[in-house]
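Colleague: Here it is: the structure, laid out below.
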Amino acid sequence: MKLRRTLLPLVVFFLLVLGALSFVEVAQGSQDKLESLSAERTGTIFLEGEMLGDLILGARARLDFLYIDDVLVKASISSGKTPDWLKWHLGHFGSLETEGKELFVLRYEVYKPWDFDPFKITVNGVCLTKEDILTGFNRFASGALPTGTVDSMAFTVPRSPDGLYNISYDEDHIEIDVKKIKRTK
């Protein structure tokens, strides 16, 4: 009887620790999945930057264009550690403004003073319009930006029949091929 009283609390404690470790492992797996999905959906422009091996020298700003789809949204919901800036923009997914269009989020970081004009962004040769930009103009920084500015905005573009999106800002450009993105859930 005395042995049973001693073992029972130890067994309960062991099960609680095992359960907690499983929860941490699942949460970490969801976070890793979100990061992996985000990475394969992101195209980066280092504005005015020069490549030297793996280094980028002299960039004025870093522009990360993130393609948003249902797989990324579901991973974000299950992650529990989605950054606030991304949560904010994911709210646009599935809205009337995105119907029949593709949703992108631009996250930018300024390395040298930069005059940011969102209307200089072109996708497949077409400049963004005021109607394409879903984030209110009072909700993101534009114009003359000082070093260290970090912000984001969401925008839509017409669906490309071939799944290719050539995105540029001034002379710098990237290509995002959504057909090459893994669609596993």
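The values are calculated or read from the model by the stated rules, or taken from the named source; none is laboratory data. The shown structure was predicted, so the numbers you read here are calculated from the model rather than taken from an experiment. Every residue, glycine as well, gets a Cβ built from its backbone with ideal geometry; the counts of neighbours run over all protein chains shown. We work out accessible area using only protein heavy atoms, side chains counted, and drop any ligands, DNA or RNA first. Shrake-Rupley method; radii C 1.70, N 1.55, O 1.52, S 1.80 Å.
Colleague: D84 is checked against (1) out of contact with any helix residue (DSSP H, G or I) (no Cβ under 9 Å at 6 or more places or on another chain); (2) open to solvent by 50 Å² or more (accessible area, probe 1.4 Å); (3) modelled with pLDDT of 95 or more and fails just one. What number does that condition carry?
Modeller: Going through (1) out of contact with any helix residue (DSSP H, G or I) (no Cβ under 9 Å at 6 or more places or on another chain); (2) open to solvent by 50 Å² or more (accessible area, probe 1.4 Å); (3) modelled with pLDDT of 95 or more one by one, D84 breaks only (3).
Conditions (1) in contact with a Cys (Cβ under 6 Å, 6 or more places away or on another chain); (2) touching a residue at least 12 places away in the same chain (Cβ under 8 Å); (3) closer than 14 Å to A154 by Cβ, marked per residue:
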site	(1), (2), (3)
D54	no, no, no
R60	no, yes, no
Y67	no, yes, yes
V71	no, yes, no
G80	no, yes, no
L90	no, yes, yes
F93	no, yes, yes
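Colleague: Here is a further query. I'd like to know if the stretch 92-105 contains one or more residues that are among the hydrophobic types (A, V, I, L, M, F, W, C) and in a helix (DSSP H, G or I). So that I can check it myself, show each step before the final result.
Modeller: To start, the set of residues in the stretch 92-105 that are among the hydrophobic types (A, V, I, L, M, F, W, C) comprises 93, 96, 103-105.
Cutting the leftovers down to in a helix (DSSP H, G or I) gives us 96.
Yes, the stretch 92-105 contains at least one residue that is among the hydrophobic types (A, V, I, L, M, F, W, C) and in a helix (DSSP H, G or I).
Colleague: Also: Of all residues being free of Cβ contacts under 8 Å to residues at least 40 places away in the same chain and outside any loop (DSSP other than H, G, I, E, B) in the stretch 146-185, which is farthest from E97 (Cα to Cα)? Just the residue, please.
Modeller: K180
Colleague: Test L128 against the criterion of being surrounded by 13 or more Cβ atoms within 10 Å (Cβ to Cβ), at pLDDT 95 or above and touching a helix residue (DSSP H, G or I) at 6+ places or on another chain (Cβ under 8 Å), and give yes or no. So that I can check it myself, show each step before the final result.
Modeller: On the way: surrounded by 13 or more Cβ atoms within 10 Å (Cβ to Cβ): yes; at pLDDT 95 or above: yes; touching a helix residue (DSSP H, G or I) at 6+ places or on another chain (Cβ under 8 Å): yes.
So L128 fits the description; yes.
Colleague: Give the residue that is most open to solvent (accessible area, probe 1.4 Å), with candidates limited to residues of the stretch 45-56 that are of a type outside the set (V, I, T) and at pLDDT 95 or above. Walk me through it before giving the result.
Modeller: So in the stretch 45-56, the residues of a type outside the set (V, I, T) come out as 46-55.
Retained after the next criterion (residues that are at pLDDT 95 or above): 46-47.
Working: F46: 61, L47: 3 Å².
Out of the qualifying residues, it is F46.
Colleague: So, T156, is that one open to solvent by 20 Å² or more (accessible area, probe 1.4 Å), modelled with pLDDT of 95 or more, of a type in the set (S, T, Y) and touching a Lys or Arg at 6+ places or on another chain (Cβ under 8 Å) or not?
Modeller: Working: open to solvent by 20 Å² or more (accessible area, probe 1.4 Å): no; modelled with pLDDT of 95 or more: yes; of a type in the set (S, T, Y): yes; touching a Lys or Arg at 6+ places or on another chain (Cβ under 8 Å): yes.
When the stated conditions are applied, T156 does not pass them.
Colleague: Could you say whether any residue in the stretch 131-140 is open to solvent by less than 80 Å² (accessible area, probe 1.4 Å) and closer than 29 Å to L57 by Cβ?
Modeller: yes
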